[in-house]
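First the structure, in the form of C-alpha cells, and then the observations on it.
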Amino acid sequence: MERIVTVTVNPTVDINTHVSQVLPEKKLRCGPPHRQPGGGGVNVARAVHRLGGEATAFYLAGGPPGEMLCQLMEGEGVAQHALPVGGWTRENLIVFEEASGLQYRFGMPGPEVEEEEWRRCLDELAALEPAPDYLVASGSLPPGVPDEFFARVAEIARDRGARLVVDTSGEPLRHAVDVGTFMLKPNLRELRELVGEELEGEHEQVEAAQDLVERGRVEVVVLSLGAGGALVVTSDTVEPIRTPTVPIRSKVGAGDSMVGGMVLALARGWELLPAIRFGVAAGAAAVMTDGTELCRRDDTERLYDEMREGMEAG
C-alpha cells in the first residue's frame, strides 16, 4: 500500500459529555467526560487506521493537552509524528443534551504558534523519508500560522511527488488551490466562498468545480453534500454519488472519515470512483456513531457493499 501522511497544525483533544438540559446561569451536572484525539488530519489518520490501513499523523502538540493527545493517539495505535510547540494544544467541548437530543459543539481557536514553530513544521515535513505518496492537509489553522501555510504544503507535495488532498476552508483553501492540488473535498459553503458565487443548483456547482479543474488547479473535486452524498468532478467525469440512508447519531467526524476512506482506497490502488464511494460509505458510517467517534470498519464495508449492489441492480 502506498504511504499516507496527514498534516494537522491545529489538533485538539475533544471532550465529550452529556447533560440533561442546557440552561443559562445554572450549574449543569454533566456525565463522565470521554476524551478523544481530534482535528482534521488527526481524524483522517485515525479513520484510515480504523478501516484497516496505516497513516502517519504529522501534527503540532504543546502543553499537557498536547501530551494527552500523544498518549491518546498511541493508545489507538495510530502512527504519529508530533512536533512540540510552546502553546497548549486546544481542547474542544461537545455536549449532548438529553432533553432535546441536540448536540452542542464548542470549538476553541488553538494556541498562538510562533513563526519559528510553523516554519520548522514545514521543514520537517519536507524532509520526511520516505516521501509520502498521499499527503492530506486538513483542518483549521491556529493563530500565528499564515493563510498561505497549506499553499506551502502544496509546494512540498509537488516537489516530493506526493498527491495532495486538501480539506480546509476560507483563505487557506484559496491559497492551496492557487498552487495546485490533486483533490479538494469542499462542502457547498466552502465551494461558494472559494468561487465567490451562490451556486444554487447542481448545474452551477458542476460548472464551478469544472472551472477549477480546467484551470489546472485541481485534478479532482469531491463536493460533499452531506445527506445528499457527493458530487465528483474531474476533467472527464461528472458523477453524483448518493449516500446510503443511515440512522443519525452524530455528524462530527463524518467529513474526516470520508477523506480517510477515499485516501485509503486510492492508496490501495482502487480506481477513483469506487474509492470515493468507499469514502462516502465511511462518512455515512461515522454518522451512525456517538459524539466524536469516527467510522467503524464493519459498518463502512457493509454500506459500501450495499452501494455497489444497488448500482449493479440499477
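Just a few scattered comments:
- Number of the condition not met by Leu199 [criteria: (1) under 14 Å from Ser235 (Cβ atoms); (2) more than 16 Å from the chain's Cα centre (by Cα)]: (1)
Residue-wise test of (1) touching a residue at least 24 places away in the same chain (Cβ under 8 Å); (2) of a type in the set (A, V, I, L, M, F, W, C); (3) closer than 30 Å to Gly31 by Cα; (4) not in a helix (DSSP H, G or I).
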residue	(1), (2), (3), (4)
Val213	no, yes, no, no
Thr243	yes, no, no, yes
Val252	yes, yes, yes, yes
Gly279	yes, no, no, no
Ala284	yes, yes, yes, no
Thr292	yes, no, yes, yes
Glu301	no, no, no, no
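- Just so you know, in region 148-174 the residues that are in a helix (DSSP H, G or I) and more than 18 Å from the chain's Cα centre (by Cα) include one that is surrounded by the fewest Cβ atoms within 10 Å (Cβ to Cβ), and it is Asp159.
- Positions within region 16-61 being over 18 Å from Ala285 (Cβ atoms), of a type in the set (A, V, I, L, M) and open to solvent by less than 30 Å² (accessible area, probe 1.4 Å), in sequence order: Val19, Val42, Ala57, Leu60, Ala61
- Of all residues making up region 272-311, the number that are among the charged types (D, E, K, R), surrounded by fewer than 16 Cβ atoms within 10 Å (Cβ to Cβ) and within 16 Å of Pro240 (Cα to Cα): 1
- Residue check for Leu135: open to solvent by less than 30 Å² (accessible area, probe 1.4 Å) and over 16 Å from Met262 (Cα atoms): no
- Any hit, region 49-69, residues being of a type in the set (S, T, N, Q) and out of contact with any His (no Cβ under 7 Å at 6 or more places or on another chain): no
- Checking each residue in region 194-207 for being among the aliphatic types (A, V, I, L, M) and either surrounded by fewer than 14 Cβ atoms within 10 Å (Cβ to Cβ) or farther than 18 Å from His175 by Cβ (or both) picks out Leu199, Val206.
- Filter pass, Arg217 being closer than 27 Å to Leu264 by Cβ and open to solvent by 40 Å² or more (accessible area, probe 1.4 Å): yes
- Residue in region 78-88 that is at negative phi, part of a helix (DSSP H, G or I), under 19 Å from the mean Cα position of the chain (by Cα) and at pLDDT 95 or above present: no
- Criterion violated by Glu54 - all others in (1) in a loop (DSSP other than H, G, I, E, B); (2) of a type outside the set (S, T, N, Q); (3) under 21 Å from Asp147 (Cα atoms) satisfied: (3)
- On the stretch given as region 105-131, residues that are open to solvent by 10 Å² or more (accessible area, probe 1.4 Å) and in a loop (DSSP other than H, G, I, E, B) total 12.
The values are calculated or read from the model by the stated rules, or taken from the named source; none is laboratory data. Everything numeric in this text was worked out from a predicted model, so none of it was measured. Positions of Cβ are backbone-derived with ideal geometry, glycine not excepted, and every protein chain shown enters the neighbour counts. Quick note on the areas: whole protein, heavy atoms, side chains included, nothing else; ligands and nucleic acids left out. Shrake-Rupley method; radii C 1.70, N 1.55, O 1.52, S 1.80 Å.
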